[in-house]
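Notes for the one structure printed next.
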Amino acid sequence: MVGQDVRARDLPRVPLDAYLDMHRVNQVVQRAMSETALAREEIPEAGLYKHILQATPPVIKQLRGRVIYDCRGNPAVEAEVVTAKGKFRASAPSGAMPPGRYEAFELRDKVPSQFHGKGVQRAIKHINEVIAPAIVGMNPSYQQEIDDIMTQMLDGTGNLSKLGANTILSVSMAVCKAGAVECALPLYRYIGEMVGNSQFVLPVPAFNVINGGLLASNHLSVKEFLILPVGANSFTEAMRMGTEVYHHLKALIKVKYGQDAINVGDEGGFTPPLNDNSDALDLIVDAIDKAGYTGKVRISLDIAATSMLTEDGTYDMDFKKYSGMATRTGDEMIALYEEYCERYPIVSIEDPFHQDDFENTSNFTALGLCQVVGDELLASRPQRVAAAAQAKVCNALLLKMNQVGTISEALQAAYLAKEARWDIVAGHRSGESEDPFLADLAVGLACGQIKAGAPCRSERLAKYNQLLRIEEDLGKAAVFANGANYRSMPYTKRT
Ligand code: PGA
Ligand code: ZN
């Protein structure tokens, strides 16, 4: 059996009049007719259809799971929610191995002969046989209730290890899309409604243009080298700046390192055969200059330092080459970051230390050199955000939905970050599908920044292209988080 279907297949046949009465068909049609007339709908037939559809019960009729494939060619979970108003599909992304210690659990079949153990058949079964019977019949705009049923009643483990965060998040996202349509709102507005935000902000894109760390087979230890067009006047202009710098970078790498060096990594950034992180930074500075955007396009780094910690508590910046040869203490790492910030136009550093190293991270944050983002450090978990905010460990949240597993908890983590006056970066994963949900999340929460990879590969562009559509949809009301505004965009609370 695939999913749960509440359609009544074998209802006894009733006389026509009784059927019309029973379903109040005349009243529904009359009402839709007057609404169509009152609105002076341009195409009356289309208006009639819209108003009749709005009158259908707000109910999840069916939920099913299916296997799709992510950008790395690994199986991924897709959930499909069916209501009278349509089919709503969503897919949870997946990080690179190994996941951070505090992330919610990603369920894989672990059958070595199938997909190298990465199958998701159990997750699909959970959607069809455990979650569907519990939420079919519910109103999809009851996001919190549905998320609570999945996490507390059906899973109950605290880290989603029974049903899987990939299982639960896919459903949670699909429910959210269905809820938005039920409320006749675009997804970003609906998400804004849920948190009481009415200031929709187009985020500054952080394009990961050079991939290192676990995302690439070169020797660069820093995982991501990103560019932020903070000097753009609109998201549309930021896309132009980002793509132009990206193509200048490609040309520079080709001239310096040859044709083989312009292949791209998991997030669409180039993976040139460099040894030294500062060589990558020099290339980027050059590309920004060639594109004519010096001063307008800044740089950010995701160090992902959890993978650099050695057994004696030092950090190995050369961990991909000859491990143990160039280790640094916390203070020496801070000195290196200071040097980077001085030499390059760096505005943000993510995970500068191990996920449990609050001490060094807060020492670095206290210097006030740049935005300090917590990714594995916070795991998008409300409890971790609250603890880190209180101890002033960092000053920005990387919001990755699948680290926490439901939309409701992701919104709660964002709320706590805003309360602490932190910046929020809406974050994709290295294993992505073409689902653009993250773009709507970023705008609805007024995140100010989005990190969705390079402006290359369609699973990355799916998010950026959706932001172009949202900017167009907002028209004159569109606010772009440029200049100083890309940090700490407040919610405008409804009164
Ligand atoms: P991941 O990378 O999805 O592989 O964890 C993204 C990040 O570190 O921000
Ligand atoms: Zn990261």
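What are the pairs with Cβ atoms under 6 angstrom where one residue, in region 68-81, is free of Cβ contacts under 8 Å to residues at least 40 places away in the same chain and the other, located anywhere, is acidic (Asp, Glu)? Sequence gap at least six, or different chains.
Final answer for the pair search is none.
Would you mind telling me which numbered condition in (1) assigned to a loop (DSSP other than H, G, I, E, B); (2) farther than 27 Å from Pro75 by Cα; (3) away from ligand 2 (no atom under 16 Å from the Cβ); (4) not hydrophobic (A, V, I, L, M, F, W, C) Arg189 fails?
If we test Arg189 against (1) assigned to a loop (DSSP other than H, G, I, E, B); (2) farther than 27 Å from Pro75 by Cα; (3) away from ligand 2 (no atom under 16 Å from the Cβ); (4) not hydrophobic (A, V, I, L, M, F, W, C), just (1) comes out false.
Which members of region 327-350 meet the condition of being within 16 Å of ligand 2 (Cβ to nearest atom) and polar (S, T, N, Q)?
Ser348 - this is the single residue of region 327-350 that is within 16 Å of ligand 2 (Cβ to nearest atom) and polar (S, T, N, Q).
Looking for whichever is assigned by TED's automatic domain parsing to the domain that holds Leu163 and farther than 26 Å from Gly265 by Cα here; the options are Val67, Val29, Val77, Val111. Which one fits?
Val111
Have a look at Leu220, Leu214 and point out the one that is more than 27 Å from Ile68 (Cβ to Cβ), within 16 Å of ligand 1 (Cβ to nearest atom), outside any strand (DSSP E or B) and aliphatic (A, V, I, L, M).
Going through Leu220, Leu214 in turn, the sole match is Leu220.
Restricting attention to helices (runs of 4 or more DSSP H) lying wholly within region 229-343, give those where 2 or more residues are closer than 20 Å to Val425 by Cα and either touching a residue at least 12 places away in the same chain (Cβ under 8 Å) or open to solvent by 10 Å² or more (accessible area, probe 1.4 Å) (or both).
235-257
When region 418-435 is examined, which residues are found to be within 16 Å of ligand 1 (Cβ to nearest atom) and over 12 Å from the mean Cα position of the chain (by Cα)?
Listed by number, the list holds a single entry, Asp423.
With Phe364, Phe358 as the choices, which residue is assigned by TED's automatic domain parsing to the domain that holds Leu226, over 24 Å from the mean Cα position of the chain (by Cα), open to solvent by less than 10 Å² (accessible area, probe 1.4 Å) and more than 19 Å from Ala410 (Cβ to Cβ)?
Details: Phe358 fails: open to solvent by less than 10 Å² (accessible area, probe 1.4 Å).
Phe364 is the lone residue from the list that is assigned by TED's automatic domain parsing to the domain that holds Leu226, over 24 Å from the mean Cα position of the chain (by Cα), open to solvent by less than 10 Å² (accessible area, probe 1.4 Å) and more than 19 Å from Ala410 (Cβ to Cβ).
With the requirement that a residue be of a type in the set (S, T, N, Q) and either over 21 Å from the mean Cα position of the chain (by Cα) or open to solvent by less than 10 Å² (accessible area, probe 1.4 Å) (or both), what does region 144-160 give you? Before the answer, list the steps.
Residues of region 144-160 of a type in the set (S, T, N, Q): 144, 151-152, 157, 159.
Selection gives Gln152, Thr157.
Would you be able to say whether some residue in region 174-184 is aliphatic (A, V, I, L, M), more than 30 Å from Val67 (Cβ to Cβ) and open to solvent by 10 Å² or more (accessible area, probe 1.4 Å)?
Quick first cut of region 174-184, residues aliphatic (A, V, I, L, M) only: 174-175, 178, 180-181, 184.
So of that shortlist, the ones also more than 30 Å from Val67 (Cβ to Cβ) come out as 184.
With open to solvent by 10 Å² or more (accessible area, probe 1.4 Å) added as a condition, the list becomes 184.
Among the residues of region 174-184, at least one is aliphatic (A, V, I, L, M), more than 30 Å from Val67 (Cβ to Cβ) and open to solvent by 10 Å² or more (accessible area, probe 1.4 Å), which makes the answer yes.
Go through region 13-57 and count every residue that is among the polar types (S, T, N, Q) and within 37 Å of the chain's Cα centre (by Cα). Talk me through it step by step, then tell me what you get.
Taking region 13-57 as the starting set, the residues that turn out to be among the polar types (S, T, N, Q) are 26-27, 30, 34, 36, 54, 56.
Among the residues that remain, those that are also within 37 Å of the chain's Cα centre (by Cα) are: 54, 56.
Going through region 13-57 one residue at a time, the tally reaches 2.
On the given criteria, is Phe353 modelled with pLDDT under 95, within 20 Å of Ala96 (Cα to Cα), within 16 Å of ligand 2 (Cβ to nearest atom) and surrounded by 15 or more Cβ atoms within 10 Å (Cβ to Cβ)?
On the way: modelled with pLDDT under 95: no; within 20 Å of Ala96 (Cα to Cα): yes; within 16 Å of ligand 2 (Cβ to nearest atom): yes; surrounded by 15 or more Cβ atoms within 10 Å (Cβ to Cβ): yes.
In short, no.
What are the residue pairs meeting all of these: first residue in region 30-42, first residue within 10 Å of Ile52 (Cα to Cα), second residue in a loop (DSSP other than H, G, I, E, B), Cβ atoms under 8 Å, and 6 or more apart or on different chains?
Matching pairs, first to second residue: Arg31/Ala55; Ala32/Ala55.
If I go through region 402-448 residue by residue, how many of them are of a type outside the set (D, E, K, R) and in a helix (DSSP H, G or I)? Please lay out each step first, then the result.
Of the residues in region 402-448, the ones of a type outside the set (D, E, K, R) are 402-408, 410-417, 420, 422, 424-428, 430-431, 433, 436-439, 441-448.
In the following step, the residues that additionally are in a helix (DSSP H, G or I) were identified as 402-404, 407-408, 410-417, 437-439, 441-444.
Counting residues in region 402-448 that are of a type outside the set (D, E, K, R) and in a helix (DSSP H, G or I) gives 20.
State yes or no: is Val77 within 22 Å of Met150 (Cβ to Cβ) and in contact with a Ser or Thr (Cβ under 6 Å, 6 or more places away or on another chain)?
Taking the combined requirement at face value, the residue satisfies it.
Being touching a helix residue (DSSP H, G or I) at 6+ places or on another chain (Cβ under 8 Å), open to solvent by less than 40 Å² (accessible area, probe 1.4 Å) and not β-branched (Val, Ile, Thr) is the filter here, so list the residues in region 404-419 that pass it.
Scanning region 404-419 gives Gly405, Ser408, Ala410, Leu411, Ala413, Ala414, Ala417.
Does any residue of region 313-331 turn out to be in the same structural domain as Leu398 (by TED's automatic domain parsing), within 16 Å of ligand 1 (Cβ to nearest atom), modelled with pLDDT of 95 or more and β-branched (Val, Ile, Thr)?
Within region 313-331, not a single residue is in the same structural domain as Leu398 (by TED's automatic domain parsing), within 16 Å of ligand 1 (Cβ to nearest atom), modelled with pLDDT of 95 or more and β-branched (Val, Ile, Thr).
The values are calculated or read from the model by the stated rules, or taken from the named source; none is laboratory data. Small disclaimer: the values here were computed from a predicted structure and weren't measured. Every residue, glycine as well, gets a Cβ built from its backbone with ideal geometry; the counts of neighbours run over all protein chains shown. Protein only, heavy atoms only, side chains kept; ligands, DNA and RNA dropped before computing areas. Shrake-Rupley method; radii C 1.70, N 1.55, O 1.52, S 1.80 Å.
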